[in-house]
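The block underneath contains the structure these notes are about, expressed in structure tokens.
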Amino acid sequence: MSEDRAPSPEPLEKPTVLVTGATGFIGRRLVPELVDREMTVRAMTRNPERYDGPGEPVYGDVGDRSSLSDPLEGADVAVYLVHSLDDPDFERKDAEAARNFGRAAAAAGVRQIVYMGGLGSDDEDLSPHLRSRREVETLLGEAGVPVTVLRAAIVVGAGGISWELTRQLVKNLPAMVVPRWVSTRTQPIALDDVVRYLAGVIGRPEAYGRVFEIGGPEQMSYLEMLQIASEISAGRPVPIVRVPVLSPRLSSYWLSLVTDVDITTARNLIDSMGTEVVVTDHAIREIVPGEPIAYAEAVRRALDEGGAR
């Protein structure tokens, strides 16, 4: 006698999607893409009266669980794109917010949470930033909603913190004194590909409860990233002088002096730059096929969008 099996859930054709961080770096690009795909989109922000993008603006604050019931009511999928990287106490705040959101999503009957995490091997001694991203992955699903995690390294696009560091460094400095972490390998990804992958896993049952690594086609060092960005934006490579010792604290002060990124955010990012973050699993292409954009082209698009060419 054959064993009865529960049928697999059907893909959600035109789901109702709540996008947190809808006015942020990734959110403000993702919402129009989802609307174009004929999804019903709620753009969650703490200031809905100021929102002028597509979708329905709704109020919500991940730090206040009582504010999450209304925006989540009737939502099929929730995309979680918020973090507190600019706060010295970001680990505690992000953990509390993720726990709030996961519980509220479960209570509302949400079928899937999609989250942008950070690349990096679990076997390594992760930085507080990457360790926090891992914790958020777990806490979002603690109440039972399946979580789809997309782990990425540097996202190249106008307005992104990591990209702005790169752009401003090569723009503002005739030469750079750099620490050893510039030799660490990473795998940058174009913002357009991040949006494509996020949109592509929404409502896909085969993506529920899974972790995917996403990246561009090239693995390169931070130094190579800086040199390519300099050649494209300024038509010349920036002279580089390496120093054997430059502590994370001194590096963060250096970055805050020559860019507009605040010291707390710079320090949290630099703490992660000693960890190699490259793609080791390409399973995402089974669900969202297509070749990712090369780094040089991603740089050109970011410069064009930001008006910094």
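The values are calculated or read from the model by the stated rules, or taken from the named source; none is laboratory data. Please read these numbers as outputs of a predicted model, since none were measured by experiment. Backbone-built Cβ (ideal geometry, glycine too); neighbour counts: all protein chains shown.
Odds and ends about this structure:
- Yes/no for ALA296 being modelled with pLDDT of 95 or more, surrounded by fewer than 16 Cβ atoms within 10 Å (Cβ to Cβ) and small (Gly, Ala, Ser): yes
- Some residue of segment 136-148 being surrounded by 24 or more Cβ atoms within 10 Å (Cβ to Cβ) and modelled with pLDDT under 95: yes
- Taking each residue of segment 181-197 that is without any contact (Cβ under 8 Å) to a residue 12 or more places away in the chain and on the phi < 0 side of the Ramachandran plot and looking for partners that are assigned to a helix (DSSP H, G or I) and surrounded by fewer than 23 Cβ atoms within 10 Å (Cβ to Cβ) with beta-carbon atoms closer than 8 Å, six or more apart or interchain, yields nothing.
- Residue pairs whose Cβ atoms lie under 9 Å apart, separated by 6 or more positions or on different chains, with the first residue in segment 111-122 and at pLDDT 85 or above and in a strand (DSSP E or B) and the second of a type in the set (S, T, N, Q) and buried (at least 22 other Cβ atoms within 10 Å of the Cβ), are GLN112/THR148; ILE113/THR148; VAL114/THR148; TYR115/THR148; GLY118/SER132; GLY118/SER272.
- Counting only helices (runs of 4 or more DSSP H) that sit wholly inside segment 152-242, those with at least 2 residues that are surrounded by fewer than 21 Cβ atoms within 10 Å (Cβ to Cβ), within 23 Å of the chain's Cα centre (by Cα) and at pLDDT 90 or above are 191-201.
- Scanning segment 88-132 for residues that are in contact with a Phe, Trp or Tyr (Cβ under 9 Å, 6 or more places away or on another chain) and among the basic types (Lys, Arg) turns up just one, ARG111.
- Exactly one residue among SER132, SER121, SER127 is surrounded by 20 or more Cβ atoms within 10 Å (Cβ to Cβ), of a type in the set (Gly, Ala, Ser) and more than 15 Å from the chain's Cα centre (by Cα), and that residue is SER127.
- Every residue from segment 70-81 that is of a type in the set (Gly, Ala, Ser), outside any strand (DSSP E or B) and surrounded by 15 or more Cβ atoms within 10 Å (Cβ to Cβ): ALA75
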